[in-house]
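Novice: Mind looking over this structure? Questions follow.
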């Protein structure tokens, strides 16, 4: 399952998470972003219990996108212990995403 | 509506076209140059069937002639836009617009990278290679677009809907059309900024900007891929065992998918991709 992030749950789900977290910054108007979703769905099943897979709509939650300086989407950011450990622009394969999470 | 458009007329593209034609499908092949072999200095000695070494350029030209003799439609033009359509893809060239059920990218791998200080640092931090991906972040902002040809005009048309404050930087090139935007023809020396880009420095001075869009020359396969959401790894397009990318109906073959940069491998790719495209079109109808 891919967790939908908002201002309300971002701290709890991402920054305070004990598991590594992947956050996909996306928007409805962004064509290539739509290609990321099936990859994330499949990844979230594979890494169940090992990592959390999340997505954040940059239009709905622009404050958070601004905080992380997102100016190009899709941008995928990996967090561990509340810190950014990896960040990539563009659609990535499942294998690359796993490596970003350190799995 | 075309069944398949092949972009690139090197060994992979032409081989795919020949095998598709033989399978009863009429492809349209669009190419702009002879790719990696155009300026290849050495003669080709390791490809099967040539008792005497042959120039790379000549081999590619003969491949194009071979396709034409087999009554394959070959067009010399540059593709400036490749987008998903209602039932397939829309392919826009400098002169034409086509619809196709499937597309094969076989453009080779020559890529013009922008060798300007600050480009790598600010890519994704104010510098964008894709207007349709990132344009929305710059609504009502001060933008620069770098380019001088049909590709730039195509991207400009899109950005124009988001902001009216756009300056065109040709980076030392001439502009072959009249535009109602400020035009800076000086060479760009660097991109400057803090955590994101704030200025373009040219030989004549510093220009403040909020965002920069790059549309120099013609888009590469990697540019098309990024705009469509194709998975790109190590500067190669990722394909499955059927030469299909993660975008349904979009196939790729030859140097652009990585592996050995050899004619024999590109020809093999083309043949296999043709089979896969044939099967894909058959399953769809």
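Nothing in this text is a laboratory measurement; each read-out follows from the coordinates by a stated rule. These numbers were taken from a predicted model, which means no experiment stands behind them. Cβ: placed from backbone, ideal geometry, glycine included. Neighbour counts: every protein chain shown.
Novice: How many nm separate the modelled label positions at residue A:99 and residue B:160, each set 7 Å beyond the Cα in the direction of the Cβ?
Specialist: Going from the residue A:99 label point to the residue B:160 one covers 4.2 nm.
Novice: Report the per residue volume, in Å³, of the convex hull enclosing the C-alpha atoms of the protein assembly as shown.
Specialist: Once divided by residue count, the hull of the protein assembly as shown is 154 Å³.
Novice: Rounded to the nearest 5, what is the percent of antiparallel bridges among the DSSP beta bridges in the protein assembly as shown? If you can, show how the numbers build up before the last one.
Specialist: Working: 35 of 71 bridges.
Close to 50 percent.
Novice: What is the spin-label model distance, in nm, from residue B:57 to residue A:50 if the labels are put 7 Å beyond Cα along the C-beta direction?
Specialist: The answer from the label model is 5.2 nm.
Novice: Say we join alpha carbon atoms closer than 10 Å with springs in a Gaussian network model of chain B; which of B:31, B:108, B:193 then has the biggest fluctuation?
Specialist: Checking each option, the largest mean-square fluctuation is seen for B:193.
Novice: Continuing with the same structure: Please give the FRET efficiency for residue B:114 paired with residue A:83, using the beta carbon to beta carbon distance and R0 = 30 Å, rounded to the nearest 0.05.
Specialist: On the way: r = 31 Å, r/R0 = 1.05.
After rounding to 0.05, the efficiency reads 0.45.
Novice: Kindly put B:272, B:86, B:38 in sequence by how many other C-beta atoms sit within 10 Å of each C-beta, fewest to most. Intermediate values should be presented prior to the final figure.
Specialist: Values: B:272 19, B:86 7, B:38 14.
By the 10 Å Cβ count, ascending, the order reads B:86, B:38, B:272.
Novice: Have a look at B:246, B:46, B:173 and tell me which one the Gaussian network model of chain B (Cα, springs below 10 Å) gives the largest fluctuation.
Specialist: The residue that fluctuates most here is B:46.
Novice: What's the exposure ranking of B:257, B:277, B:6, going from fewest to most Cβ atoms within 10 Å?
Specialist: Ordered by Cβ neighbours within 10 Å, fewest first: B:257, B:277, B:6.
Novice: Between residue A:15 and residue B:136, what's the calculated FRET efficiency when r is the beta-carbon distance and R0 is 35 Å? Round to 0.05. Each step should come with its number before you reach the end.
Specialist: Numbers: r = 27 Å, r/R0 = 0.76.
The value I calculate is 0.85.
Novice: Something else about it: As a check on your grasp of the helix formula, calculate [θ] at 222 nm for chain B: sum -39500 (n - 2.57) over DSSP H runs of n ≥ 4, divide by the residue count, round to the nearest 500.
Specialist: Details: 7 runs with 74 residues, N = 285.
Mean residue ellipticity at 222 nm (helix-derived): -8000 deg cm²/dmol.
Novice: Can you bin every Cα-Cα distance in the stretch B:1-47 into 10 Å intervals starting at zero and give me the percent of pairs per bin, rounded to whole numbers?
Specialist: Taking every Cα pair in the stretch B:1-47, the percentages come to 24, 43, 24, 8, 0.
Novice: Ok, one more. On C-alpha positions alone, give me the angle between the axis of helix B:150-159 and the longest principal axis of chain B, in degrees, nearest 10.
Specialist: So the helix axis and the longest Cα principal axis differ by about 50 degrees.
Novice: Any idea what Rg and Dmax come out to for the stretch B:199-285 if you just take the C-alpha atoms, in Å?
Specialist: Radius of gyration, then largest Cα-Cα span, for the stretch B:199-285: 18.1, 59 Å.
Novice: For chain A, count all C-alpha to C-alpha pairs, find those more than 20 Å apart, and express that count as a whole percent of the total. Don't jump to the answer; show the numbers that get you there.
Specialist: Details: 1457 of 5253 pairs.
Counting every Cα pair in chain A, those more than 20 Å apart make up 28 percent.
Novice: OK, next. Helix B:11-22: angle to the longest alpha-carbon principal axis of chain B, degrees 0 to 90, nearest 10?
Specialist: Helix B:11-22 sits at roughly 50 degrees to that axis.
Novice: Going 7 Å from the Cα of residue B:73 toward and past its Cβ, which residues in the stretch B:9-40 have a backbone nitrogen under 20 Å from where you end up?
Specialist: From the stretch B:9-40, the list is B:9-10, B:13-33.
Novice: Something else now. FRET efficiency for residue B:23 and residue B:95, Cβ-Cβ distance as r, R0 = 35 Å, nearest 0.05?
Specialist: Details: r = 28 Å, r/R0 = 0.81.
Result of the calculation: an efficiency of 0.75.
Novice: Shifting gears a bit: Along the Cα→Cβ direction, 7 angstrom out, place labels at residue A:59 and residue B:241. What is the inter-label distance in nm?
Specialist: Calculated label separation equals 4.0 nm.
Novice: Taking chain B as a Gaussian network, Cα atoms linked when under 10 Å apart, which of B:266, B:67, B:23 shows the biggest mean-square fluctuation?
Specialist: For chain B, modelled as a Gaussian network with Cα springs under 10 Å, the answer is B:23.
Novice: I've got another one for you. Under Stokes-Einstein, with the Kirkwood radius over Cα pairs standing in for Rh, what whole-number D in µm²/s applies to the stretch B:1-151 at 20 °C and 1.002 mPa s?
Specialist: Values: Rh = 17.9 Å.
Rounded, D is 120 µm²/s.
Novice: Another question about this same structure. Take the stretch B:92-247, compute every pairwise Cα distance, and split them into 10 Å bins from 0; I just need the percent in each bin.
Specialist: That works out to 10, 38, 35, 15, 3, 0, in percent per bin.
Novice: Could you tell me the relative contact order of the stretch B:70-202? Use alpha-carbon pairs under 8 Å, at least six residues apart, and round to a whole percent. Show your work: numbers first, answer last.
Specialist: On the way: 179 pairs, mean separation 24.4, N = 133.
In percent, rounded to a whole number, it is 18.
Novice: Quick one: pull the percentage of alpha-carbon pairs in the stretch B:71-154 with a separation above 17 Å. All intermediate terms of the calculation are to be shown ahead of the outcome.
Specialist: Details: 2184 of 3486 pairs.
Above the 17 Å cut-off, the stretch B:71-154 has 63 percent of its Cα pairs.
Novice: While we're looking at this one, here's another question. Between the helical axis of B:263-284 and the dominant principal axis of chain B, each derived from Cα atoms, what acute angle in degrees is found, rounded to the nearest 10?
Specialist: 90
Novice: From the mean inverse distance of alpha carbon pairs (Kirkwood) and the Cα radius of gyration, derive Rg over Rh for chain B. Please list the in-between numbers first.
Specialist: Values: Rg = 20.2 Å, Rh = 20.0 Å.
Rg/Rh for chain B comes to 1.01.
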